[in-house]
Amino acid sequence: MAYKLYNAPQSTCSQRVRFVLNSKHLPFDEVKLNLLDGDQLKPDYLKLNPNGVVPTLDHDGAIVTDSTVITEYLDEVEPADSFTPEDPVKRARMRALMHFMDEMPAPAVRVPTFNLAFLPKFQAMSRDEFMAMAESKPLRKEFMMKMGQTGFPKQEMDDALARLRRTYERMDAEIEKSGGPWLLGKEISLADVAVMPALVRMYDLNFYDWKDLPRVVTWFDNIRAHPAFVPTYYHGSLLTERFPHLRETAAASA
Ligand SMILES: N[C@@H](CCC(=O)N[C@@H](CS)C(=O)NCC(=O)O)C(=O)O
């Protein structure tokens with residue numbers, strides 16, 4: 001059983017998959033793509049993942065894309081140390097939460113990420129270079145055009161932060177309902193893995209506002225203490241490790 005993961009160290013979607021692989025102690029070949037240089041848009045990669053995004057898993061030649069799908073796939077083919085509840089009702093709740101995470105925090109976190117971390121790279125491009133890059137993105141062309149070379153406007157940033165805040169509140173409510181410490185109760189599930197990178201990202205950017213939600217504070221401490229956390233977030237996985245200018249922004253917003 002050979003696993004090859006096409007991913008990027010700082011990619012939140014990739015971090016979900018690395019966490020599950022590490023947690024299950026599954027060795028994998030890691031292919032690191034440079035997303036700012038456009039490795040994900042090269043013809044050979046597009047043959048594997050026509051969306052032009054990471055991650056993509058190659059399992060003995062079988063190609064699986066989309067991070068939540070990959071984590072479910074891994075949990076099916078490698079059921080030891082399962083992240084999926086036995087009870088079908090609980091399983092359905094887990095999947096509903098995974099959909100929520102893909103609809104709310106996952107897109108919301110892109111706005112502060114692009115505005116704070118990636119914008120300088122796009123600002124250094126000529127208009128033509130920027131347009132050609134945006135044009136070449138199968139999934140994110142409109143997103144890039146909306147951001148442009150001046151960044152998302154304040155309203156867009158405020159909306160993203162509001163959606164993230166509602167995510168923390170939803171987590172708090174789910175943990176209260178299940179009895180915690182994880183979203184679905186005593187066992188960690190793929191729903192926890194799905195939301196983890198958004199909180200890690202906001203914490204790294206020092207834009208997190210769950211301090212008044214003690215259940216979420218404990219959840220965050222627990223996930224960071226999980227044995228799979230450190231190998232998943234190896235050096236270079238946090239934006240502040242990759243973009244030194246962010247350390248000042250993060251300090252200023254503290
Ligand atoms: N729904 C997809 C989204 C994947 C995605 O957006 N990946 C980002 C990194 S987290 C990416 O590759 N972006 C490249 C780009 O925007 O060109 C998944 O969860 O795998």
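Annotations
- Normalising the average separation of contacting C-alpha pairs (under 8 angstrom, six or more residues apart) by the number of residues puts the relative contact order of the stretch 14-149 at 22 percent.
- Pairs with C-alpha atoms separated by more than 22 Å, drawn from the list 90/177; 32/137; 32/146; 4/186; 4/90, are 32/146; 4/186; 4/90.
- Proximity of backbone amide H atoms, modeled 1.01 Å from N, is registered between residue 185 and 180 at under 5 Å, excluding neighbours fewer than 5 places apart on the same chain.
- Table column - 3J(HN,Hα) (Hz), the stretch 192-200, Karplus curve with 6.51, -1.76, 1.60, x for Gly and Pro: 5, 5, 5, 8, 3, x, 5, 5, 4
- For the chain, the relative contact order is 24 percent, taking Cα pairs closer than 8 Å that sit 6 or more residues apart in sequence and dividing their mean separation by the residue count.
- Potential lengthening between residue 36 and residue 82 on full extension [0.36 nm per residue; Cα-Cα distance subtracted]: 13.1 nm
- Annotation: amide H of residue 3 within the under-5 Å range of 29, sequence separation 5 or more or interchain, hydrogens built in the peptide plane.
- Cross-link partners of residue 47 among aspartates and glutamates (Cα-Cα below 16 Å; sequence separation of 8 or more within a chain): 39, 58, 66
- Summing charges over neighbours of residue 179, with a neighbour being any other residue whose Cβ is under 12 Å away from its Cβ, gives 0 when K and R count +1 and D and E count -1.
- DSSP beta bridges fully contained in the chain are about 70 percent antiparallel.
- Placing unit charges on the Cβ atoms of the charged side chains and taking the dipole of the stretch 88-252 about its Cα centre, the candidate lying farthest along the positive direction among 227, 99, 144 is 99.
- Cβ charges +1 (Lys, Arg) and -1 (Asp, Glu), total dipole of the chain, debye: 460 debye
- Couplings 3J(HN,Hα) of the stretch 130-140, computed from phi: 4, 4, 5, 5, 4, 4, 7, 8, x, 9, 10 Hz, in residue order, whole Hz [Karplus 6.51 cos²θ - 1.76 cosθ + 1.60, θ = phi - 60°; x for Gly and Pro].
- Nitroxide proxy distance, nm - points 7 Å out along Cα→Cβ at residue 25 and residue 131: 5.6 nm
- The stretch 64-144: GluC sites (Glu not before Pro) in DSSP loop, at most 16 other beta carbons within 10 Å: 86
- Test item: Cα-centred dipole of the stretch 3-77, Lys/Arg +1 and Asp/Glu -1 on Cβ, debye: 160 debye
- With at most 12 other Cβ atoms within 10 Å, longest stretch of the chain clear of loop trypsin sites (Lys or Arg not before Pro) (DSSP): 1-185
Throughout, read-outs are computed from the coordinates displayed, never taken from laboratory work. A quick note: this is a predicted structure, and the numbers were derived from the prediction, not measured. All Cβ positions, glycine included, derive from the backbone under ideal geometry; neighbour counts span all protein chains shown.
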